[in-house]
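The values are calculated or read from the model by the stated rules, or taken from the named source; none is laboratory data. Every value quoted in this text rests on a predicted model; they were computed, and no experiment measured them. Cβ: placed from backbone, ideal geometry, glycine included. Neighbour counts: every protein chain shown. Areas reflect the complete protein model, heavy atoms only, side chains present, ligands, DNA and RNA absent. Shrake-Rupley method; radii C 1.70, N 1.55, O 1.52, S 1.80 Å.
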Amino acid sequence: MKKLAKGLGILVLASSFLIVPTQVADAGAKGKDAIVRPQKYIFEGNWRYGDTLVVAYDTFLPNGWISIEKEPHRGTQLGYEVVKYINGANYGQVERSLSFNIPPGWVEIGRGYNSKRQAYYDIRNENKKRYQPQELENKWVGTSQPIPYGWVVVNISLYEKHIVNITSIPTESSIEAIKHPSPSFAYEIPRGWEITVDGEHSRILTRKY
């Protein structure tokens, strides 16, 4: 019986130990956005910018994730991290990360220590997207049809021109438009836009504000 009791004691202890990650994760969860899953599959899914997860302390983070809160192991209590998905952030978005790796397209703009004396990095998204015509409102119209304000010409054929509405493109993103001497293909560059590359047959238009 003593051996059995000792064995049961070990089982109970092991069971209690296995419960700890969930309890710790629940304590660190930030509302309903935080999700706890088996570590092997935790990063699988269709994540959007700003989604958060609670994972075991010192979990390896794949590209696009940063740590925003850390609680190390304390005795038998397992530590945890709150991690955030930052792919899809707007150009210029700033994040504070406790991770040492800086994701591609982001640059360090500052560093320091938080109240727990944990080193952090302030990083800014420098990714600038080049939009394709099919991602925006677009249509083919006759060559003689006037081009509305906010639209540019991106392609031409013998009797038609392909025009795109660029008003929904965010700041610091761009699109390639054609450059043609004929008045039929002339368009007005909207306010807030600049020609950042001026080629022989095309130009890159970038929204500045």
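Would you be so kind as to identify which of I175, A119, A89 lies farthest towards the positive end of the dipole of the stretch 62-179, taking Lys and Arg as +1 and Asp and Glu as -1 on Cβ and the Cα centre as origin?
A119
Quick one: net charge around N90, please, counting Lys, Arg +1 and Asp, Glu -1 for every other residue with C-beta under 14 Å from its C-beta.
Numbers: positive: R48, R124, K128, K129, R207; negative: E95, E126, E172.
Net charge around N90: +2.
With a 1.4 Å probe and every protein chain kept in, tell me what percent of the accessible surface of the stretch 82-130 is carbon plus sulfur. Write out the running numbers ahead of the final one.
Values: 1260 of 2880 Å².
Reported share for carbon and sulfur atoms: 44 percent.
Solvent-accessible area of E44, probe 1.4 Å, all protein chains present, reported in Å² to the nearest ten, please.
We get 110 Å² for E44.
Each label point is 7 Å from the Cα along the Cα-to-Cβ direction; what then is the distance between the points at E137 and R96, in nm?
A separation of 4.0 nm, rounded to one decimal place.
On full extension of the chain, what length is gained from K116 through S202, given 0.36 nm per residue of separation minus the C-alpha to C-alpha distance? Kindly include the intermediate steps, with their values, before the conclusion.
Details: separation 86, 0.36 × 86 = 30.96 nm, distance 5.33 nm.
This chain segment gains 25.6 nm when fully extended.
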